[in-house]
Amino acid sequence: MKMHKLLLLAVACTWAMGAAAQWQWTDKDGRKVFSDRPPPPDIPEKSILKQPGGNRPARAAVPAAPAASDAAPAAAAAAPKTAASAPGAGKDKELEEKKAQAEAAEAAKKKAEDEKIAKAKAENCTRARAAKAAFDAGKPITQANAQGEKIFLDGPARAAEAKRIDEIVAADCVR
């Protein structure tokens, strides 16, 4: 039983070592980028926050970086056109497809929200026009007061309510 625990501990320690081999830098837009590959050559030394081994050797000691990084879409966009033949190019295409799908989903969500707002405005317009027609016809109008009792609107209250309805019609009935 003790051997199983020791073996489990050894596996856990070696598994965590893969996470230590990560690069971290700040791109030109100020976003933190995490990758298992070194940053592109256009990233200055001061922007590199972490690299495998924990120390910060000179740039010459860093192996040549591939043109595109899996974790840095901004770096992939700045990569030369020849990067399409690189081994990681498929991942960049997948990333671009996922990004396009996310943008399409966001656009569909915004469109649905806009349609919902337009429908609410149309309903408000219909109600306001019906109320305006009742006011213009000169019919007696009642409202509930704070105690829940129905009261008839007198001259100034009727004028104020008519003005409020006109503002609603002007705001929601624009086509």
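The values are calculated or read from the model by the stated rules, or taken from the named source; none is laboratory data. Since the model is a prediction, treat every value here as computed from it, not as a measurement. Note that each Cβ is placed from the backbone with ideal geometry, even for glycine, and that neighbours are counted across all protein chains shown. Heavy atoms of the whole protein, side chains included, go into the accessibility calculation; ligands, DNA and RNA do not. Shrake-Rupley method; radii C 1.70, N 1.55, O 1.52, S 1.80 Å.
Could you pull out the residue among K99, K91, K139 that is at pLDDT below 85, closer than 30 Å to S35 by Cβ and open to solvent by 100 Å² or more (accessible area, probe 1.4 Å)?
Step by step, each of K99, K91, K139 is checked, and only K91 is at pLDDT below 85, closer than 30 Å to S35 by Cβ and open to solvent by 100 Å² or more (accessible area, probe 1.4 Å).
Restricting the stretch 34-59 to residues that are open to solvent by 20 Å² or more (accessible area, probe 1.4 Å) and of a type in the set (S, T, N, Q), which is modelled with the lowest pLDDT?
Residue satisfying both the conditions and the ranking: N55.
May I ask you to verify whether A65 is open to solvent by less than 50 Å² (accessible area, probe 1.4 Å), of a type in the set (A, V, I, L, M, F, W, C) and at pLDDT below 50? Explain how you work it out, then say what you get.
Working: open to solvent by less than 50 Å² (accessible area, probe 1.4 Å): yes; of a type in the set (A, V, I, L, M, F, W, C): yes; at pLDDT below 50: yes.
So A65 passes the test.
Say whether the condition of being at positive phi and not charged (D, E, K, R) is met by at least one residue in the stretch 134-146.
yes
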